[in-house]
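The values are calculated or read from the model by the stated rules, or taken from the named source; none is laboratory data. All figures in this text were calculated on a predicted structure; none of them were measured in a lab. Heads up, the Cβs are rebuilt from the backbone with ideal geometry, glycines too, and the neighbour counts pull from every protein chain shown. Just so you know, the surface numbers come from the protein's heavy atoms only, side chains and all, with ligands and any DNA or RNA stripped out. Shrake-Rupley method; radii C 1.70, N 1.55, O 1.52, S 1.80 Å.
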Amino acid sequence: MLKKPLIIIFIAIFPFFSCFATEEISSQQLNYLLSLSLEELSEVPILGYGETRQVQEVLSDDIQYAISGSNPLKILRRLPGVHFQSSDPWGNYEWSTHLSIRGFKERQLGFTLDNIPLGDMVYGNNNGLHTGRSIILENIDKIQIAQGSGALETPSVINLGGTIQLFSNDPKNTEHFSFNQTWGSSHTLRSFLRADTGKINHTKAYLSLSSLEGDKWKGFGLQNKQEQLNAKIVHELGKHTLSAFLNISRRLENDYADYSIDSLQRLGWDWDNYNPDWQRAVNAAKGFYSGNVKTLDDAYFAGSGLRNDSLIGLNGLFKLNSDLNLKTTLYHHDNKGQGHWYTPYRASSSNVPISLRTTDYHINRFGVVSSLNWSFEKHDISGGVWFEKNHHSLGRNYYNIDLPIDTAFFLSNPNQAVFKQIFESNTQQFYMQDTFMIDDLKVSLGAKSPSVTIVAKDEMGNRAAGRLKSHQSFLPQLGLKYPLTTEHEIFVSFAKNARLFSEGRSGPFDTTQNVFSQTVTALKPEQSTTVDLGWRMKQNTLQASLALYAILFKDRLLRISQCSSILGCPDTLANVGKVKTKGLEATLLWIPLKNLSWFSAFTYNNSIYQSDYLDGTNWIEAAGKTVVDTPNILLSSELTYKENNFFARMGGKYTGKRYLTYTNDVSLSGFPIWYLSAGYQFNNLSAFKNLRLQLNVDNLFNKRYISSAGTNGFVSSDLEGQNYTLQQGNSRQFFFNINVTF
């Protein structure tokens, strides 16, 4: 009963992935849009049935199949429209972690946790924290993604495209204790503990701790060390509910070397930074290269990063009467970060041609998100506000060294300070929305109005300072959903969005005062208009969806470097015109047998630059070219099997061809990556309530591939392959997990 269906389906899909050795895909191959889930369909709202927008969810039961300690964003890679890459098996190495949805990158998407804005997911974030540092994976109840446009109430002023919302699970009603221990490749060791009090009178709470350590899968040293604490308390106050969530995260990561096309060919797949060979790094900095090394940027001695975060959120749901609810979230976030880099571009002394450069970050922000919901007759009217005050600082310093020093701690008292900027930003957003029925037609109609004011100070006189305000008075959304039958429905949505100006490295202040004064008056916030047309179907053993979309992205802002990106010179910010995107997303969830499910998602995306532009003194002919690092084809497929206490999931993700330059003269070929999860769960043992044994294998067939592109940005042309902006995907990695609850 077990082997036969698995073998038949595996044989059916294996040739399909094998054909992706080239970019050519036949129409027959595109018909393989299939995959799976383990729960009953009525309990798996993955396809967003009933929504007026393209919305999908991943629930906690699905999250259990992931590698223990994974970044929540990696779990979303199987969904349509999602392009996720990272060079480590957890998806936690933030320098390499890249996410795009329908051609929009991290800095153009919105992220929240329990209604708390997390900012964007770029490295050196200035307005939030990465999802991997915001919550422990086991404490997530569900993840919701809106590929086209997030809900109006989402607290984000950067989401030109969709939104990703994380929701923490509540404390359990009964006393509960769980322990999770993971061992794995590269000396990985992870521990997780959680204790739930159960409901005591009208209050329940939990406290959880996690610790993760793992070496680099190539090269030398510890790649990832993270310690995290989550706590949550929920109190019922009559008809009202109050809750508080606390997250404390302490993270250290060490870097892998960035590749160029040329260095990859010369140095091979096992190449990394020089650490622990200090003398070779010194020799290279003096221009004495060994082996196939030809440039200073082929490798550095080492690089690393530190991030300390504290996040607290207070939520209240107040049922004012049977038709009127008030929801309010108060939050505070404090972050201290420092990036370390042994640079051969500045000497410590005549004998030591290397110094240690740091980039120092600090975020201190607090805010409130509140909404009022009124239901009457066939209307559901809501309105809300979001206010945030953010203090952010950014600095660059150099330390003279004789030998390598311990960078597992924050450094202070530098020998040279290069620049320091201090920002204070005030964000406010208002929205109104009415969702109502006209016979069987569900209509959602509303608009939001965001505004951001930034005051920047420059402490050293070599960076931009001043006051900058950006706002949008009216950003409307319209959604329609109509049931064709009890099993079929169609939806249409329209949304306008904008990405308002931000402080820090991704904003207009990342330049000199002269350039800022000359360019800022001509800059406009980036804007997008998105239209979706979709169909969904839900039967007892089958769900399917199909969405067609078109996006106009205008006033695209491009950071134009004034030197090699690794040197960190001030950039200029220029409006380089429009991007037009069209695409298709198809999803299918099928349960052909009681214990077997199959999930597949297919994406076709075509994002095209519409304008040429001036890059300094060079005219760049980008019009008609595909947006960088945006594959036309994405395809994922998963089989999940569960019988009695045995469970298994095998899946794969194909990523199509990607371009590395704005003129599309350099590209990366497509590749498939497979993964496996399998295990056994013992129930109601004498000592334990549950005992779950699980094996995970990432990159199952040990594929060599380039994962992340654009770590050091993109260039207009790179025919000689000299842009160091690529990261390898990890080799095959094994993880064994024991989870005990009692």
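Brief remarks on what is shown
- Net charge over other residues, Cβ less than 12 angstrom from the Cβ of Lys319 (K, R count +1; D, E count -1): 0
- Cα gyration tensor shape for segment 152-224, rounded if a/c is under 1.5, else prolate or oblate: oblate
- Candidates per trypsin sites (Lys or Arg not before Pro) in segment 699-734, loop by DSSP, up to 12 other Cβ within 10 Å: Arg704
- 3J(HN,Hα) from dihedral phi, segment 339-350, Karplus parametrisation 6.51/-1.76/1.60, rounded to Hz, x for glycine, proline: x, 10, 8, 7, 9, x, 8, 9, 7, 7, 7, 5
- Long pairs among Lys105/Lys625; Lys105/Lys653; Lys389/Lys554; Lys327/Lys389, criterion Cα-Cα beyond 22 Å: Lys389/Lys554
- Compactness of segment 288-442, taken as the C-alpha radius of gyration over 2.2 N^0.38 Å, stands at 1.72.
- Applying the Karplus relation 6.51 cos²θ - 1.76 cosθ + 1.60 with θ = phi - 60° to segment 383-400 yields 3J(HN,Hα) values of x, x, 9, 9, 10, 9, 10, 10, 9, 9, 10, 9, x, 9, 9, 10, 10, 7 Hz, where x marks Gly and Pro.
- Distance from segment 251-323 to segment 109-138 (C-alpha centre basis), Å: 20
- Contact order relative to length of the chain, as percent, for alpha carbon pairs under 8 angstrom and 6 or more apart: 13
- Solvent-accessible area per residue in the chain equals 39 Å², computed with a 1.4 angstrom probe and all protein chains kept.
- Other residues within the sphere of radius under 12 Å centred on the Cβ of Lys442, judged by their own Cβ, net out at -3 (K and R +1, D and E -1).
- Chymotrypsin sites (Phe, Trp or Tyr not before Pro) lying in DSSP loop within segment 377-457, provided at most 13 other Cβ fall within 10 Å: Phe409, Phe410
- If you take all other residues with their beta carbon under 13 Å from the beta carbon of Glu236, and give Lys and Arg +1 and Asp and Glu -1, the sum is +3.
- Among the GluC sites (Glu not before Pro) in segment 455-498, those located in a DSSP loop and surrounded by at most 15 other Cβ atoms within 10 Å of their own Cβ are Glu459, Glu487.
- log₁₀ of I(q)/I(0) at q = 0.05, 0.07, 0.10, 0.11 Å⁻¹ - the chain, Debye sum with one point per alpha carbon: -0.24, -0.48, -1.06, -1.32
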